[in-house]
Amino acid sequence: MLTCKDASRLISEGQDRKLSQREKIGLRFHLWMCASCRLFEKQMGHLRHALHRGWSGGDLPTDKPLPKEAQERIRNVLKEHSNDGSNSST
């Protein structure tokens, strides 16, 4: 049985690569049982759709890098999230 951490990793990776049959089955089984991960999968889909729509519409700048301050804020939030232990496993 996958943990929520494993499932969220597969959901994210599934956005960029084809998951193996074993990964798909494990993820589907976990999602069948876990409402939180189903919500995360749905949110990832909405985010991906919005980003693709924004880029194709030319709304997002492609010639300007993210400011250093924003990069640092993102790093700090990700670091806090990975260290807080709030990821439950079901």
Consider only pairs whose beta carbons are under 6 Å apart and that are at least six residues apart or on different chains; among these, list those whose first residue lies in the range 15-38 and is farther than 12 Å from Met1 by Cα and open to solvent by 90 Å² or more (accessible area, probe 1.4 Å) and whose second residue is part of a loop (DSSP other than H, G, I, E, B) and aromatic (Phe, Trp, Tyr). none
I'm told Leu47 meets every condition in (1) within 18 Å of the chain's Cα centre (by Cα); (2) modelled with pLDDT under 95; (3) open to solvent by less than 60 Å² (accessible area, probe 1.4 Å) except one. Can you identify the failing condition by its number? (3)
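The values are calculated or read from the model by the stated rules, or taken from the named source; none is laboratory data. Quick caveat: nothing in here was measured; it's all calculated off a predicted structure. Neighbour counts run over all protein chains shown; Cβ positions are idealised from the backbone, glycine included. Side chains included, ligands, DNA and RNA excluded: accessible areas come from the protein's heavy atoms. Shrake-Rupley method; radii C 1.70, N 1.55, O 1.52, S 1.80 Å.
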